[in-house]
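Below: the structure, in structure tokens.
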């Protein structure tokens, strides 16, 4: 099967544009976090980030709707990934077991990413608006967990038990993330938390069956 020269050229140019866009996005992120390290979150403006990345402020907004969204630049991809893992999991596999596998696969050993995560925690402690943005993201993540737990328990996602369990899982993730431990330590801490959480879900399931 032959591809015409014009079609091949279009595909090639499309690939080049996508790679250029990805490089620009990465440059914006790297420039921003370098400035955050030097000046702090509040002391860094979008104009500062654009200048450091050698783009215009208008171009900045083509990649990120706000400075808060840039700080959490990987959240949408994380949410999409965990949603696919939990909501599309096979029957018989629990939300907690699925989440443990997902965390093990997603938790990056990359020091650059870990440094960004540590800086993100620090900036959220220092700025109320950024902390509120983080809580909004966490609510979206918790909602995915709640839907998964509801399926495990055979209850409505709006009932109390899925809300309690998903909130507990999220609290464990947040507490571990704020400590910014090494990858092995983070997994060990999460496994300890899951012992407690699995016991709670089992007790709720047994109580439901008894009633």
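What follows is calculated from the coordinates using simple rules that are stated; it is not laboratory data. For clarity, every value in this text was computed on a predicted model and none was experimentally measured. Every residue, glycine as well, gets a Cβ built from its backbone with ideal geometry; the counts of neighbours run over all protein chains shown.
A few points about this structure:
- Computed lengthening from residue 156 to residue 22, 0.36 nm per intervening residue step minus Cα-Cα distance: 44.2 nm
- Helices in the chain, meaning DSSP H runs of at least 4 residues, each add -39500 (n - 2.57). Divided by all residues, the mean residue ellipticity at 222 nm is -27000 deg cm²/dmol.
- Crossing angle, helix 111-126 versus the chain [Cα axis fit, 0-90 degrees, rounded to tens]: 80 degrees
- Folded to 0 to 90 degrees: helix 128-153 orientation relative to the chain principal axis, Cα: 40 degrees
- Which labelled figure in (i) 126; (ii) 109; (iii) 170 is volume of the Cα convex hull per residue in Å³, once derived from the coordinates: (iii)
- With the cut-off at under 19 Å, measuring from each backbone N in the range 120-150 to a point 7 Å along the Cα-to-Cβ line of residue 110 picks out 120-121.
- Against the main long axis of the alpha-carbon atoms of the chain, helix 5-39 sits at an angle near 80°.
- Relative contact order of the chain, taken over Cα pairs closer than 8 Å and 6 or more residues apart, is 16 percent.
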